[in-house]
Structure formats: C-alpha cells, structure tokens
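Have a look at the structure below before the remarks.
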Ligand code: ADP
Ligand code: ZN
Ligand code: ZN
C-alpha cells in the first residue's frame, strides 16, 4: 500500500527503540504482513551498518518517511512481550520526565544479557552419551576408571550439566577426555521457567508483637487494597521500621503477591538479605552491582516469572518486571545513592512512586531522617505520614552534647574532654564510634617553605595524602601518584600534611589507646569484601573497641555494644555551599548518632564544633530531626528552593571552559525565547562554571533552570531540548540534562 503523496508511507509501521543517544524512536516495516508484534517485545532491526536489538514501543498506520527509506524488522525475538504494558509505560515516562533517550533508558534498565538476541533464561551446556560412537570407542576408556564412572553416570542420567557433574564429585576435565574420544555429545539446555512461589500463610511465627505505633503504621498500610498510596514511615533509628516492612510484606506474600525492596548500597544488601531469608519461607532474589551478568539475569527472570516472592536490590532494580507486584519498600529513602548521577540521571525513589501509582499498589518510604521533599509531601497530604518516635525493644534514646572547640588546642582534632569521655567508655568495656567525614590521611599536602599545595593535574582540586600505601590521590578522578619527596615549586623537602582524614586518626587512636583494637571503616578499608566482613565479625563480638569511619559506618549496621558516638568536626556541613548541605549534615549526624545505644545500654553522642552556638547545631542537638527539618523547610521556602520550586540543570563539559560556557550561553538565549511562551515563569541562572570546575581533565559548566511547578518545568524543558537538538554543538563539548538535581555541582 503506497501512498499517493511522494513523502509519506501509509501502512502498518512499528516504532522501535534502539540503543542510541538520539532522543527518538525509529519507524520500521513489519517482518511480514501476517506477523503481528506486541509492544514490549525484542526485535532485531538493521540500524546503520549493524543489526541491533530494539524494543517494540508501538505501531501506527503510517510513517512520515517515504517507503524507500523504511527498512523491515528482521526478526521477532520474543513470543510474548518481555516488558509488560505498565513497565513499558514507566520506562517511557522516565525517558520523557528525565529527558533522556529511550534507547539509553532501556540500556540502563535491562540486564545486558537481554539486550542481546539471546533466550531469556541462561542456557546451560550439557553432555550426554553419543549413541552411534560410544559402542565403538568404549575400549578407549577401559583403563581409565574415573572416565568410565562418569560415562556410566551420563548414560544412566541421559545427560548432565557442568554443575551436576561437579556436584556428583567429578572433575570437569574428565569431560574433555570423553569428548576427545568422541564418547559424548555436547548440547544446550534451556531450563524451564521455575514455578511461581507458593503463597505464604497469613501468620508468620517469627513475627514480633508490634508495639502501639508499629501497629498503627501496619494497620494503615494493610488497609490499602489494590490502590496506590505512598506512606512515609518516619521512624527514629531502631524504632522497628524493618519489622513493619516485613509484616506488611507478609500480608502480600500470603496472597501470592511479590514484594520489591530498594536499598541504597550494595554494602547493606547482604545483611538485609540474610534477615529476609531468615524470616520468609519463599525465594528471595537480589540485584546489585556485584553480580555477574548471568546471576543478574536469573534474578531478573525470577521476579518476572513470579518465582521469587521478594526482590531486594539497589537503584536499577526499580525497572525489574514482576509477575504480580504487591508492594514496594524504599529503605533509607533520603539516601543520595537512589539518584543516578551519570548518564540516565533518574531518581529511583521517584520512579518507584510512579511505578506504584501505575501498578495501583502501596509504597513505603522508610527513613529516620526523611528528605525534605518527602516531609513536604506529607504536609501537602500527598503522602501518609506514619511516625515511630521511640526505639522498639529495650533501647532508649541517647543523649547529645556539643563540645565547643573554639580556642582549644586540639590533639589530632580531639579536645581533652572528648578524649576523656572515650577513655571512660572504653574503661567500662564498651565500643566507641568516631565519625569523620574524610578518608585518607590528610586532605592537603603543603610545602612549609613556600606554601605550595599538591593539586590534581586533571581536576581543580587538592590531592589527598594517603599513608597505606604512601601516595597522594585525587578523590574526584581517582588518580594516584607517589608521595612527593620534595616541593614541586621550591624543592624544599619540608612537606607537611594539613587537616585530618581517617588514616591519620587511625594512627593517632592506635597510639593513644594502645590496648584497644581500632577498626577503620571507609571506602579504602572496605574494598575487599572478605576483609570488611572479618572486621564486622570482630566488631560484632561486642568486645570493647574503637570504630573509626566515614558515612559508610552510619548506614544500616547494628552494633549493639556502641555506647559513645563522637562526631569529630561538625563544621563542614554547617557552611556547605550547596543548598542541600545542611539537610545532608543533619541526616548524617542523626544517622551516626543512631548507632549509639542500640541495645539495652544508654548511648551518648558528642559533637565537636568551633561554632557551638550556631543555631542550626543547637536545633539539631536539642530538637528532633523532624523539628529541625521543619526549620530547614521554612528556610527553603523563603529562598524559594526545592521542594518549593523545581530545578533542572543543563550541564556542558568540554576540553576548554570557554567553549562549554559559550555553548551554554546560546542555550540561555534559546531558553529566554522559550520563556516568552511561558509568561516568563522560568528563571535561568548562569551559565556558570561548576563548583569543581575541572574534573578528570574536563571543564564543567552549568545553566540552572528554576520554576514553581513541576508541570511547567516539564513542558519548558521538552521544548528547550528539542530546540537544543538544532544547535550546533562544538565537537569537544558534551551536554546533558539533570532534572531534580540533588546538588548544584
Ligand atoms: P529500624 O529499621 O527502625 O532501624 P529495626 O527494625 O532494625 O529498626 O529494629 C531495631 C531492633 O528492635 C531490632 O533488634 C528489632 O528486632 C527490635 N524490634 C523491632 N520491633 C520490635 C517489637 N515490636 N518488639 C520487640 N523488639 C522489636
Ligand atoms: Zn583528579
Ligand atoms: Zn615549596
């Protein structure tokens, strides 16, 4: 059916998303007139010179392209679509909301193995006895008893996989021998999809009796039937949020519905995974960055086919298909790692809320320190606010004090009072946690003679000095160089480390408290999973020790014997240039403080500051996090910052700062033009260089867009981006867009 007009084609056309950075889908002709394709299926399509795996998005009765320009789909890879209608809709929404190419959104959302033209379930190599040849060649293994035994087993079982062979106690190399002698054949096995998990009973004998507040929260959550509701479970550390999640999940699992739990970091997954496996008698799958492609594919499939009752995972698991999803839980919803900062810059929390809305199911956002966005949503009655304001079990809240360090001579950052307190707690055989926000030995290495500072060649930033191994490192681009022996400027050998990092404190604490073990927990010391685990095991014996660490230590762990938490210096967060700096400081300090007195012993929190009279610090110490958050919300309101306004960042990176800035200047002009249609409701600020203007050899600059309403920003950005696509971008410049940025960096 060719159209009479020259350009357009009339007839069935499929819109296909292909892996490309272009913000659009592509028109293709059907494989054949009979073969109907469903949205959400994978297809093989010619693209440029290659053949790629694409996803069917939709179909339509015509294309704006001429017939001669249209190519046919080569092959349909799935009998049934692998993405449900709802999930496809969510992916398309994400691409539109975050202004990211749909092809790249699919790349980020879907396991690598599925983006190849493979079958969905992993294929296993297997071997069985080859009937024609075996009889003739059998004499070849007459004197090889092991080969003979394996041969017999293969014959009896009519074929085995590698795993089955090794678990029967055979060396897999025997297979090679048997193959060489042409006694066996190799073939592929696609395991059948596993059965859907069996619904659990309504009552779980391992459930704890809920306290009054937990019961109120549980009742509110379980009252919701097949309807979207977003709950903010706002409970202090140790208040038993996990118990509420698990009992709400039980109510879904007993109806055969699946549960999805998102956690911020890989480090937290094994612990929570163990707790879930201990509690629930159903398969629990997990997805995180530490998996092999095959493991990831299996977990993905188990969720999709309904074999797993529970999926626990990090950020990208929000895009996993489910056979029958009943509830979503986001643990530590305030955590920044839910926001992807590179490439497809999405917030897994916000996508999760959208998903729950689509699926018509409840979602629980849990935190001891909720984000200001979520708190504001409870005030605006968009979320239901559920509070757990005291600790569950026997633990009682800890006391907080500030030590004013103005005019004090500090010993490696410690005041005399603090050292005395640490001594006391250690003397009574307790554990002490020392929190400092910097890893490495010292944040600066400087020359005493001329004031030279070791800087990174790729970034505008100082190098951090490390002792283990001796080096200087850039924490922005990861560059590591040998520790310089002399100043690069005046060649003096008098180099001096300035400031304090975890490694320096480790030395100091070890020499000061010689009979006490000191454990350092930061990104450097936990790189080896095994080493980290053995450290956790030692800490978990409860024996008196000093724990020293960065935020990493504040997340998720439950150390019952910690009675003192010391924040060495709270001042960095007080004067952070970023608009979320104070919120994050409050969250970190509250989270670290939550590590004190987790069991029956009372805990104590001590915060050192040179700005002890600063109202922010006082409010944080003397009031609850929530009261403090209300003050911050008022400040955001006055400053007209999120959640009271909506932000987008247009970022440009380049080999030179001026070309990146010049490009953004053109964008700013476009933005002004678009703004006319919007009655000037959108403010653009900049372009300005990013606070760390050079990073890993690239200069970074940004243009900030700000407006009142989400919908305005959405429409505005949509038009602006389509206009930007017509701009000539200098070859050295790359631009991207960040909707709802978590920092203006
Ligand atoms: P959160 O997730 O809020 O930090 P957890 O769920 O880890 O808190 O609970 C902290 C401790 O309190 C755990 O040891 C848990 O077993 C215990 N706990 C929770 N709920 C109850 C309850 N209803 N009765 C007794 N102990 C409880
Ligand atoms: Zn660097
Ligand atoms: Zn010098």
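Output yes when any residue across segment 411-429 is outside any helix (DSSP H, G or I), within 16 Å of ligand 3 (Cβ to nearest atom) and over 28 Å from the mean Cα position of the chain (by Cα), and no when none is.
No, segment 411-429 contains no residue that is outside any helix (DSSP H, G or I), within 16 Å of ligand 3 (Cβ to nearest atom) and over 28 Å from the mean Cα position of the chain (by Cα).
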Every residue from segment 483-518 that is surrounded by 15 or more Cβ atoms within 10 Å (Cβ to Cβ) and either within 16 Å of ligand 3 (Cβ to nearest atom) or without any contact (Cβ under 8 Å) to a residue 24 or more places away in the chain (or both): 483, 484, 487, 495, 497, 510
Test: residue in segment 368-383 that is away from ligand 2 (no atom under 16 Å from the Cβ), in contact (Cβ under 8 Å) with a residue 24 or more places away in the chain and part of a strand (DSSP E or B): no
Residue under evaluation residue 475, criteria (1) at pLDDT 85 or above; (2) out of contact with any helix residue (DSSP H, G or I) (no Cβ under 7 Å at 6 or more places or on another chain); (3) within 16 Å of ligand 2 (Cβ to nearest atom), criterion not met: (1)
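What's the total number of residues in segment 489-524 that are over 23 Å from residue 572 (Cα atoms), in a loop (DSSP other than H, G, I, E, B) and either within 16 Å of ligand 2 (Cβ to nearest atom) or in the same structural domain as residue 551 (by TED's automatic domain parsing) (or both)?
5
Identify all residues within segment 436-450 that are within 16 Å of ligand 3 (Cβ to nearest atom) and either buried (at least 20 other Cβ atoms within 10 Å of the Cβ) or within 23 Å of the chain's Cα centre (by Cα) (or both); write none if there are none.
Within segment 436-450, 445, 446, 447 meet the criteria.
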Yes/no for residue 237 being away from ligand 2 (no atom under 16 Å from the Cβ), farther than 30 Å from residue 158 by Cα and not in a loop (DSSP other than H, G, I, E, B): no
Hits in segment 400-410 - residues which are buried (at least 18 other Cβ atoms within 10 Å of the Cβ) and part of a loop (DSSP other than H, G, I, E, B): 405
Lone qualifier among 394, 430, 421 - being modelled with pLDDT under 85, closer than 30 Å to residue 238 by Cα and either exposed (fewer than 14 other Cβ atoms within 10 Å of the Cβ) or in the same structural domain as residue 609 (by TED's automatic domain parsing) (or both): 394
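If I filter segment 437-451 for residues that are free of Cβ contacts under 8 Å to residues at least 40 places away in the same chain and either closer than 25 Å to residue 695 by Cα or away from ligand 1 (no atom under 16 Å from the Cβ) (or both), do I get at least one hit? Steps first, answer last, please.
Initially, segment 437-451 is screened for residues free of Cβ contacts under 8 Å to residues at least 40 places away in the same chain, giving 451.
Filter once more, so that each one left must be either closer than 25 Å to residue 695 by Cα or away from ligand 1 (no atom under 16 Å from the Cβ) (or both): 451.
For segment 437-451, residues free of Cβ contacts under 8 Å to residues at least 40 places away in the same chain and either closer than 25 Å to residue 695 by Cα or away from ligand 1 (no atom under 16 Å from the Cβ) (or both): present.
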Any hit, segment 196-213, residues being out of contact with any helix residue (DSSP H, G or I) (no Cβ under 9 Å at 6 or more places or on another chain) and modelled with pLDDT under 85: no
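One line per residue, one yes/no per condition, for (1) away from ligand 1 (no atom under 15 Å from the Cβ); (2) more than 20 Å from residue 299 (Cβ to Cβ); (3) crowded, with 21+ Cβ neighbours inside 10 Å:
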position: 216; (1), (2), (3): no, yes, no
position: 224; (1), (2), (3): yes, yes, no
position: 241; (1), (2), (3): no, yes, yes
position: 259; (1), (2), (3): yes, no, yes
position: 264; (1), (2), (3): no, no, yes
position: 271; (1), (2), (3): no, no, no
Residue 457 away from ligand 3 (no atom under 16 Å from the Cβ) and in a loop (DSSP other than H, G, I, E, B): yes
Qualifying residues in segment 145-190 (those that are touching a residue at least 60 places away in the same chain (Cβ under 8 Å) and in contact with a strand residue (DSSP E or B) (Cβ under 7 Å, 6 or more places away or on another chain)) - the one nearest to residue 130 (Cα to Cα): 186
Within segment 462-482, tally of residues that are over 26 Å from the mean Cα position of the chain (by Cα), part of a loop (DSSP other than H, G, I, E, B) and more than 16 Å from ligand 3 (Cβ to nearest atom): 4
Test for residue 542: is it surrounded by fewer than 16 Cβ atoms within 10 Å (Cβ to Cβ) and either over 23 Å from the mean Cα position of the chain (by Cα) or over 20 Å from residue 506 (Cβ atoms) (or both): yes
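Would you confirm whether any residue within segment 62-81 is under 31 Å from the mean Cα position of the chain (by Cα), touching a residue at least 24 places away in the same chain (Cβ under 8 Å) and within 30 Å of residue 648 (Cα to Cα)?
Of segment 62-81, the ones under 31 Å from the mean Cα position of the chain (by Cα) are 77-78, 80-81.
Imposing the further condition that a residue be touching a residue at least 24 places away in the same chain (Cβ under 8 Å) reduces the set to 77-78, 80-81.
Adding the requirement that they be within 30 Å of residue 648 (Cα to Cα) leaves none.
Checked segment 62-81: no residue is under 31 Å from the mean Cα position of the chain (by Cα), touching a residue at least 24 places away in the same chain (Cβ under 8 Å) and within 30 Å of residue 648 (Cα to Cα).
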Output for segment 163-178, where each listed residue is loosely packed, with under 14 Cβ neighbours inside 10 Å and in contact with a helix residue (DSSP H, G or I) (Cβ under 9 Å, 6 or more places away or on another chain): 168, 171, 172
Matching residues, segment 654-673, being crowded, with 21+ Cβ neighbours inside 10 Å and touching a helix residue (DSSP H, G or I) at 6+ places or on another chain (Cβ under 7 Å): 654, 667, 671
Answer from 257, 251 - the residue that is farther than 23 Å from residue 394 by Cα and either out of contact with any helix residue (DSSP H, G or I) (no Cβ under 6 Å at 6 or more places or on another chain) or outside the structural domain of residue 366 (by TED's automatic domain parsing) (or both): 257
Condition check for residue 485: more than 28 Å from the chain's Cα centre (by Cα), outside the structural domain of residue 544 (by TED's automatic domain parsing) and either under 22 Å from residue 546 (Cβ atoms) or in a loop (DSSP other than H, G, I, E, B) (or both): yes
Complete set of residues in segment 693-732 that are under 25 Å from residue 462 (Cα atoms) and either touching a strand residue (DSSP E or B) at 6+ places or on another chain (Cβ under 8 Å) or in a loop (DSSP other than H, G, I, E, B) (or both): 693, 694, 696, 697, 698, 699, 700, 701, 702
Subset tally (residues that are surrounded by fewer than 16 Cβ atoms within 10 Å (Cβ to Cβ), touching a helix residue (DSSP H, G or I) at 6+ places or on another chain (Cβ under 8 Å) and either modelled with pLDDT under 90 or not assigned by TED's automatic domain parsing to the domain that holds residue 654 (or both)) for segment 689-728: 1
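The values are calculated or read from the model by the stated rules, or taken from the named source; none is laboratory data. Predicted model, so just to flag it, every value in this text is computed and none were measured. Note: ideal-geometry Cβ built from the backbone for every residue, glycine included; neighbour counts use all protein chains shown.
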